[in-house]
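Okay, structure first, notes after.
The values are calculated or read from the model by the stated rules, or taken from the named source; none is laboratory data. Computed from a prediction, not measured in an experiment: that's the story for all the values here. Here the Cβ positions follow ideal geometry from the backbone for every residue, glycine too, while neighbour counts run over all protein chains shown.
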Amino acid sequence: MMFGQLTFRESLRSIVICLNIQKNKLYHLKFNSQVARKTLLDANEKRDWRIYQDFALILIKEARSLYVGDNDFISQLNGTVYALDASTIDLCITVFKWAKFRKTKAAIKLHTVIDLQGNIPTFIHITDGKVHDVNALDILEIDVGAYYVVDRGYLDFKRLYEIHKTPAFFIIRAKKNTKIRRIYSRAKDKSKGIVCDQIIRFSGYKVSKDYPEKLRRVKYYDQEKKKYYVFLTNNFDLDAKLIADLYRQRWQIELFFKWIKQHLKVKVFWGYSENAVKTQIWIAICAYLVVAIMKKRLKIKQDLYKILQILSVSIFERNQLTSLFQEDKLQKNDSKSQICLF
């Protein structure tokens, strides 16, 4: 299954054909017989997907240790900075009936947290498409002293108050209809785009019950996009511009979703059951982590996309991995040995 992810196979049949054509090399990998499609099919249906989740958690721990200090902007903070978001993958309603979403469409949702030091996923929860994004906060284990950067879809003050009590910090965009009461305003630097920096309380009855503490409200004007942003946070110490810059880092989780959807097999599935889908997604995450770990351990200069492409065409070659990614080898153009056709 990892072979299928690294070589962009479209189906189990394609995986089996490509593996069996390399039967001599499979023998050296301790495969005593040819790979059968039914074997893979049965494994997808019956082998518990949590096996691959547990393996991914081991890889996550290794990857995070390698990427400590990788983001200079994040490194200036005392705590870890996480971005939390969810991404929906559309499915066929006639085949994936268990993945409830709409009357004419099925879908699954990946609730994901990434560590912004290296964009390493630390938490993934797979549900059907009907589950709201904010429900992930109910099962997320909050890291003490960490920063959680989230979009407006997670604006549930009862759940945000649980983060505050951990204690940890959150940065979230405010909604226009949220009723607030300004307590006082802090000094602001308009040259940095800070329109206001206020200490507030909620004035709505229910909201003030859900979040009874003070909050900080920062209004920021983005000169490039010509747009105003309003942020709410329970951190009263960071510079207001740093709050805005931290929220901008949230875009990294969007890039993570885009990367795995474009370069790994998480949109076309090799099985139809819930177990098969979760198995494939966790193996895809394992593939992403293996490539990320390889990049750091071997000090490869190429980005993850190039590494994945090179691996896909050399996965059965008996070469040192470091030799595959040498810059002089990749850029060498020995034109003297080419035959002149014209």
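Remarks
- First in the range 49-68 and over 20 Å from residue 5 (Cα atoms), second anywhere and part of a helix (DSSP H, G or I) and of a type in the set (A, V, I, L, M), Cβ under 7 Å, 6 or more apart: 62/293; 66/293
- Pairing residues of the range 7-25 that are within 19 Å of residue 44 (Cα to Cα) with residues that are assigned to a helix (DSSP H, G or I) and not acidic (Asp, Glu), at Cβ distances under 6 Å and at least 6 apart in sequence or on separate chains, gives 7/312; 9/15; 12/37; 12/40; 13/37; 15/4; 16/37.
- Note on the range 195-222: residues that are surrounded by fewer than 16 Cβ atoms within 10 Å (Cβ to Cβ) and under 28 Å from the mean Cα position of the chain (by Cα) amount to 2.
- For the residues 211, 205, the requirement of being at pLDDT 95 or above, farther than 19 Å from residue 185 by Cα and either in contact with a His (Cβ under 8 Å, 6 or more places away or on another chain) or assigned by TED's automatic domain parsing to the domain that holds residue 168 (or both) singles out 211.
- Among residues of the range 243-269, those that are crowded, with 17+ Cβ neighbours inside 10 Å and of a type outside the set (Ser, Thr, Tyr), counted: 15
- Test: residue in the range 180-195 that is assigned to a loop (DSSP other than H, G, I, E, B) and of a type in the set (Ser, Thr, Tyr): no
- Taken as a whole, the range 158-170 holds at least one residue that is surrounded by 12 or more Cβ atoms within 10 Å (Cβ to Cβ), part of a strand (DSSP E or B) and not small (Gly, Ala, Ser).
- Residue that is at pLDDT below 95 and among the polar types (S, T, N, Q), where the choices are 279, 322: 322
This table checks each residue for (1) basic (Lys, Arg); (2) in a strand (DSSP E or B); (3) out of contact with any helix residue (DSSP H, G or I) (no Cβ under 6 Å at 6 or more places or on another chain); (4) crowded, with 17+ Cβ neighbours inside 10 Å.
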| position | (1), (2), (3), (4) |
| --- | --- |
| 114 | no, yes, no, yes |
| 124 | no, yes, yes, yes |
| 131 | no, no, yes, yes |
| 142 | no, no, no, yes |
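- Where residue 177 falls short, out of the listed (1) modelled with pLDDT under 95; (2) closer than 20 Å to residue 63 by Cβ; (3) outside the structural domain of residue 275 (by TED's automatic domain parsing): (2)
- Residue 151 within 16 Å of residue 250 (Cβ to Cβ), touching a residue at least 12 places away in the same chain (Cβ under 8 Å) and touching a Lys or Arg at 6+ places or on another chain (Cβ under 7 Å): yes
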